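> Mind looking over this structure? Questions follow.
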Amino acid sequence: MRKLLLLLFGFILACWGTLVLFIVGGSDAHAQTYPLPAQQAKSSVALTFDDGPSAYTPQILNVLQRNGVRATFFSVGQQVQGHPGITQETSQAGDVIGNHSWSHPDLTLLTPSQIRGQLSRTSEEIQRVTGVSPTLFRPPYGAMNATVRGTAEQLGLRPVLWNVDTGDWQRPGVNAIIRSVLDHASNGSIVLMHDGGGDRSQTVQALPQIISELRQRGFVFVTE
Ligand code: ZN
């Protein structure tokens, strides 16, 4: 009889414990299953601009600053030399300046010493103008081999390519540039655009909508 009472008591305790666990655990599980939008993990996207600086760069900086967005500019050394003021403005805005070679050749066609010259001269010029030595490098045309990669690494430059190509340099139209980003952006995307090398007015016009729509989808903007 005593054994039976103990068993009954134990059973009631066990039921109570399960109920408490269910209430506590249940509400937790609910919170995890249906997070509020603000609690969702954000996706990140990096906007990158190649071939500048040029006369279009200040317009791009203006859009970025108005929206509180920072980006990465892979600058061509001889363009930096020709536009030191714009280069300084870019750096002072908090944007990152990377090395995109001195004169935009296909580096895989050059000798090792030519490759080193293209990269080191550009890093030195960016350092001279902004006070900051670049740590990122994007090879022109994305063309890279072991020698290019090794030389970059010896100079403290980390190669960064892209995975969303807007094709903006071909001037496909403002909407086509916007669509190319919105159709392909996902967490960790690196978007390739251009602030130099030709007429970049379509890129400038596309940028505000790219930023606002990515933001609406919960993306945050990162520089590396
Ligand atoms: Zn380029």
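> Here are the criteria: (1) open to solvent by less than 60 Å² (accessible area, probe 1.4 Å); (2) within 13 Å of the ligand (Cβ to nearest atom). Tell me which single one Tyr141 does not satisfy.
Only one criterion in (1) open to solvent by less than 60 Å² (accessible area, probe 1.4 Å); (2) within 13 Å of the ligand (Cβ to nearest atom) is unmet by Tyr141, namely (1).
> Any idea which of Gly52, Gly94, Gly82 is at pLDDT 95 or above, of a type in the set (Gly, Ala, Ser) and within 21 Å of Tyr141 (Cβ to Cβ)?
Just one listed residue meets the conditions, Gly52.
> Given the structure, is Ala31 at pLDDT 50 or above, exposed (fewer than 13 other Cβ atoms within 10 Å of the Cβ) and among the small types (Gly, Ala, Ser)?
no
> So for the stretch 174-181 (the condition being over 22 Å from Tyr56 (Cβ atoms), surrounded by 18 or more Cβ atoms within 10 Å (Cβ to Cβ) and at pLDDT 95 or above), does at least one residue qualify?
No, the stretch 174-181 contains no residue that is over 22 Å from Tyr56 (Cβ atoms), surrounded by 18 or more Cβ atoms within 10 Å (Cβ to Cβ) and at pLDDT 95 or above.
> Oh, and also: Is it the case that Arg171 is farther than 18 Å from Thr48 by Cβ and either away from the ligand (no atom under 16 Å from the Cβ) or touching a strand residue (DSSP E or B) at 6+ places or on another chain (Cβ under 9 Å) (or both)?
no
> Moving on to the next point. I need the full set of residues from the stretch 58-83 which are within 14 Å of the ligand (Cβ to nearest atom) and either free of Cβ contacts under 8 Å to residues at least 12 places away in the same chain or of a type outside the set (A, V, I, L, M, F, W, C) (or both), in order please.
Thr72, Ser75, Gly77, Gln78, Gln79
> Follow-up. Could you tell me whether any residue of the stretch 156-166 is closer than 25 Å to Asp199 by Cβ and surrounded by fewer than 17 Cβ atoms within 10 Å (Cβ to Cβ)?
Within the stretch 156-166, one or more residues are closer than 25 Å to Asp199 by Cβ and surrounded by fewer than 17 Cβ atoms within 10 Å (Cβ to Cβ).
> Still on this structure, please answer the following. Mind listing whichever residues of the stretch 42-57 are more than 16 Å from the ligand (Cβ to nearest atom) and of a type in the set (S, T, N, Q)?
Ser43, Ser44
> In the stretch 195-224, which residues are in a helix (DSSP H, G or I), touching a residue at least 24 places away in the same chain (Cβ under 8 Å) and exposed (fewer than 15 other Cβ atoms within 10 Å of the Cβ)?
Ser201, Pro208, Ser212, Glu213
> Examine the stretch 183-190 for a residue that is closer than 30 Å to Pro112 by Cα and open to solvent by 40 Å² or more (accessible area, probe 1.4 Å), and state whether such a residue exists.
Within the stretch 183-190, one or more residues are closer than 30 Å to Pro112 by Cα and open to solvent by 40 Å² or more (accessible area, probe 1.4 Å).
> Could you list, in sequence order, all residues of the stretch 91-113 that are within 16 Å of the ligand (Cβ to nearest atom), surrounded by 15 or more Cβ atoms within 10 Å (Cβ to Cβ) and not hydrophobic (A, V, I, L, M, F, W, C)?
Within the stretch 91-113, Gly98, Asn99, His100, Ser101, His104, Pro105, Thr108 meet the criteria.
> Now for a different question. Every residue in the stretch 144-168 that is within 15 Å of the ligand (Cβ to nearest atom), β-branched (Val, Ile, Thr) and not in a loop (DSSP other than H, G, I, E, B), please.
Answer for the stretch 144-168, where residues must be within 15 Å of the ligand (Cβ to nearest atom), β-branched (Val, Ile, Thr) and not in a loop (DSSP other than H, G, I, E, B): just Val148.
> Please find, within the stretch 177-194, the residue that is nearest to His83 (Cα to Cα) out of those that are assigned to a helix (DSSP H, G or I) and touching a residue at least 12 places away in the same chain (Cβ under 8 Å).
So, considering only residues that are assigned to a helix (DSSP H, G or I) and touching a residue at least 12 places away in the same chain (Cβ under 8 Å), the one nearest to His83 (Cα to Cα) is Ile177.
The values are calculated or read from the model by the stated rules, or taken from the named source; none is laboratory data. Because the structure is a prediction, the values reported are computed rather than measured. A quick note on method: Cβ atoms are made from the backbone with ideal geometry, for glycine too, and the neighbour counts reach across all protein chains shown. When the accessible area is computed, the model is the full protein with side chains, heavy atoms only, and any ligands, DNA or RNA have been set aside. Shrake-Rupley method; radii C 1.70, N 1.55, O 1.52, S 1.80 Å.
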